[in-house]
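The values are calculated or read from the model by the stated rules, or taken from the named source; none is laboratory data. Keep in mind that what you see is a predicted model, and the values were worked out from it rather than measured. All Cβ positions, even for glycine, are placed from backbone atoms using ideal geometry, and neighbour counts span all protein chains on display. Only protein heavy atoms, including side chains, enter the accessible area calculation; ligands, DNA and RNA are left aside. Shrake-Rupley method; radii C 1.70, N 1.55, O 1.52, S 1.80 Å.
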Amino acid sequence: MSPDSRPSTLLAQLWRQLPFFFWLVALWMLLWGQFTWLAFFTGVAVAVFVTRIFRLPPVDLSGRVNPWWGAVFIVTFFLALVRGSLLVAWQVLDPRSQPVSSIIAVALRTDDDLIMTHTAVTASLIPGSLIVEADRTRRILYLHVIGASTAEQVEHQRRAILGWEARIVRAVGSRAQLAVIDAATVDSPRQGGATP
């Protein structure tokens, strides 16, 4: 590599990591619950510290963003939040039944750390399910799910997680990941078929 190409390569790497840098700043401000200039500048300082001291391999973004599927993901996520909150509240308040919980394994269809992370975080944020382990090598998420006592309920939860993976891939995944999702037999809990 020639000395002249090093600065342009460094700039290209910084440009690719810019969304994550801004995400760290936003996360810092959310953690403090303040959207002030002080929170912003301390967030920038923390983001610089984290990205320079704790260097991780760069995450390659797909470069593809579908605004329609991004909106679909956001709307369905908020609906799932409301539905999950109501279901969990009902299970807690209903004196006639004790909710049964299960640990389920969901084999993801795509082979990407970022998609796996987004799917795991989405599943954990919806009340009633929580990621207990993620097997990165085999691309399996293990979830603790409340209210899944029968085989049909467990399968419904598994298809729901695969549905979140599909929505995330359709919103920000690569074309190769999109082809894998489109070829899958199960996309959401409303569709039948066996999981791949």
Solvent-accessible area, 1.4 Å probe, carbon plus sulfur percent, for the stretch 76-175: 61
Would you calculate the separation in nanometres between label points at residue 101 and residue 35, each defined as 7 Å from the Cα along the Cα-to-beta-carbon direction? 3.4
Grab the other residues whose beta carbon is less than 9 angstrom from that of residue 69, score K and R as +1, D and E as -1, and report the net. +2
Between residue 72 and residue 125, what is the label-to-label distance in nm when each label sits 7 Å out along the Cα-to-Cβ direction? 1.8
At 7 Å along Cα-to-Cβ for each site, give me the label-to-label distance between residue 79 and residue 179 in nm. 3.1
Can you list the residues of the stretch 79-102 with backbone N under 17 Å from a point 7 Å past the Cα of residue 152, pointing along Cα to Cβ? 100
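Using a 1.4 Å probe, what is the accessible area per residue for the stretch 26-173, in Å²?
On the way: 9150 Å² over 148 residues.
On a per-residue basis, the stretch 26-173 sits at 62 Å².
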